[in-house]
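The values are calculated or read from the model by the stated rules, or taken from the named source; none is laboratory data. Since the structure is predicted, the reported quantities are computational estimates derived from the model, not experimental observations. So basically every Cβ, Gly included, is an ideal-geometry build from the backbone, and we count neighbours across all protein chains shown. Keep in mind that these areas ignore ligands, DNA and RNA; they rest on the heavy atoms of the full protein, side chains included. Shrake-Rupley method; radii C 1.70, N 1.55, O 1.52, S 1.80 Å.
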Amino acid sequence: MWKSVWFSYAKLHEIIAMTQRQYGPDNDIANEDFLRYQYFKNPAGDALIDLAVDVQDGALAGQYVVWPMRFLIHGQLRQSSNSLNTLTGKKYRGQGIFTGLAEETYRREEELGHAFCYGMPNPNSYPGFIKKLNFKELGQIPLLLRPLRPSQMVEEFLHSKVLSVFGKPTDPFFRIKESVKEGALEILPVTKERLELVDEFWNAVKGKYPVMNIRDSAFVRFRYLDMPRRTYFPYLAVEHGRPVCFAVGRIMEVAGMQCAMLADFLFADGYAEAAERLLRKLLHEMQNQGASLAGCLMFGHTQESAVLKKLGFFRCPKRFEPQPFPLILRLFDQSLEEKGVCDVKNWFFTMGDYDVI
């Protein structure tokens, strides 16, 4: 038997121990510094954490966590959340802990006036969200890929230096070159000293799509500059002193390959050329840092997707995807359905809008 309780710091080390048993000690969410930062430094608010404890001995049986997010919906600021870090202890599975804790969390969200909760579940948790927790799938987000160095991809994926030799003749065709075009455009790394430019950029683009996670300086600093255990490459394109494009990369290992993942990519209307030049700079840097493959999640209806495809990104065939990427949603404010929030074509969404990258 179990009962639900709210999070207390006294349970933090039990949370970490349970996570380490499930995912190993090297996972970010099994690290105390990372969790303290992720859960309690978010400018959108502290995480909502509901725990299941054994009624007999008080041992931790499971957890459910949502990450607050600030969304702009047709110009209106609304508090929302991202579902993440759900886990049930091995001996407590099959007791309804996941759905029980989730419903308790959603009750609290409704009381707080949250607009919705969204998620990107893995195949194991997807059925529970859809069948038991009243989530709706809005659509599958395409995974876009672009080789940067095919010979290295072969060596990393197949662990064969011999076979990688056959890929070397193709390397020059995929190498990203920086734009050498002269002009007023500057490509600048985002630093704490340049966060005012981030706010200026966000104010210029915040109405581009009807449903967007807010990307102001507070979010960018929290998500990309100060996040423990992760190194990001955030850049702005600035033309005549005006920021017109923002992009963020991170190198991480996927299927044994060093992948340059685009965590974020957004540009102002009319600045597709500047966006292309910024991406060339970013991908060139990550290629020089050892990345062999670039990847990005981006809906096909966006202008950003068109620029990615122009640079050689293509949709990963479904049979080669590491997993599907469904965007799911549970509305708390039902009036938002009439405003098109359940229509995926109104959304702008990137890897930066959830936690994995």
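Can you tell me which residues in the range 173-231 are farther than 25 Å from Met69 by Cβ, in a helix (DSSP H, G or I) and of a type in the set (A, V, I, L, M, F, W, C)? Hits for the range 173-231 are Phe173, Phe174. Residues that are of a type in the set (D, E, K, R), farther than 30 Å from Pro172 by Cα and open to solvent by 20 Å² or more (accessible area, probe 1.4 Å) do not occur anywhere in the range 141-151.
Determine, yes or no, whether Leu293 is farther than 22 Å from Gly119 by Cβ and in contact with a strand residue (DSSP E or B) (Cβ under 6 Å, 6 or more places away or on another chain). So that I can check it myself, show each step before the final result.
Numbers: farther than 22 Å from Gly119 by Cβ: yes; in contact with a strand residue (DSSP E or B) (Cβ under 6 Å, 6 or more places away or on another chain): yes.
Yes, satisfied.
If only residues of the range 240-254 that are crowded, with 17+ Cβ neighbours inside 10 Å and of a type outside the set (A, V, I, L, M, F, W, C) are counted, the one that is farthest from Arg194 (Cα to Cα) is Arg250. Can you spot a residue in the range 317-332 that is open to solvent by less than 50 Å² (accessible area, probe 1.4 Å), at pLDDT below 95, among the aliphatic types (A, V, I, L, M) and in contact with a strand residue (DSSP E or B) (Cβ under 8 Å, 6 or more places away or on another chain)? There is no residue in the range 317-332 that is open to solvent by less than 50 Å² (accessible area, probe 1.4 Å), at pLDDT below 95, among the aliphatic types (A, V, I, L, M) and in contact with a strand residue (DSSP E or B) (Cβ under 8 Å, 6 or more places away or on another chain).
What number of residues within the range 333-357 satisfy the criterion of being of a type in the set (Val, Ile, Thr), open to solvent by 20 Å² or more (accessible area, probe 1.4 Å) and at pLDDT 95 or above?
Qualifying residue count for the region: 1.
The residue of the range 255-297 that is nearest to Ser151 (Cα to Cα), among those that are touching a Gly at 6+ places or on another chain (Cβ under 7 Å) and open to solvent by 10 Å² or more (accessible area, probe 1.4 Å), is Gln258. Annotation: Val190 fulfils all but one of (1) out of contact with any Cys (no Cβ under 6 Å at 6 or more places or on another chain); (2) open to solvent by 20 Å² or more (accessible area, probe 1.4 Å); (3) in contact (Cβ under 8 Å) with a residue 24 or more places away in the chain; (4) among the aliphatic types (A, V, I, L, M); the unmet one is (2). Residues Val162, Val205, Val190, Val154: which one is under 30 Å from Arg330 (Cα atoms) and not hydroxyl-bearing (Ser, Thr, Tyr)? None of the others qualify; the one that does is Val205.
Evaluating Val55 against the criteria (1) under 19 Å from the mean Cα position of the chain (by Cα); (2) in contact (Cβ under 8 Å) with a residue 24 or more places away in the chain leaves one unmet condition, (1). Scanning the range 200-247 for residues being acidic (Asp, Glu) and in contact with an Asp or Glu (Cβ under 7 Å, 6 or more places away or on another chain) gives a total of 1. Here the range 155-173 is the region considered, the condition is being within 19 Å of Ala294 (Cα to Cα) and in contact with a helix residue (DSSP H, G or I) (Cβ under 6 Å, 6 or more places away or on another chain), and the residue that is most open to solvent (accessible area, probe 1.4 Å) is Lys168.
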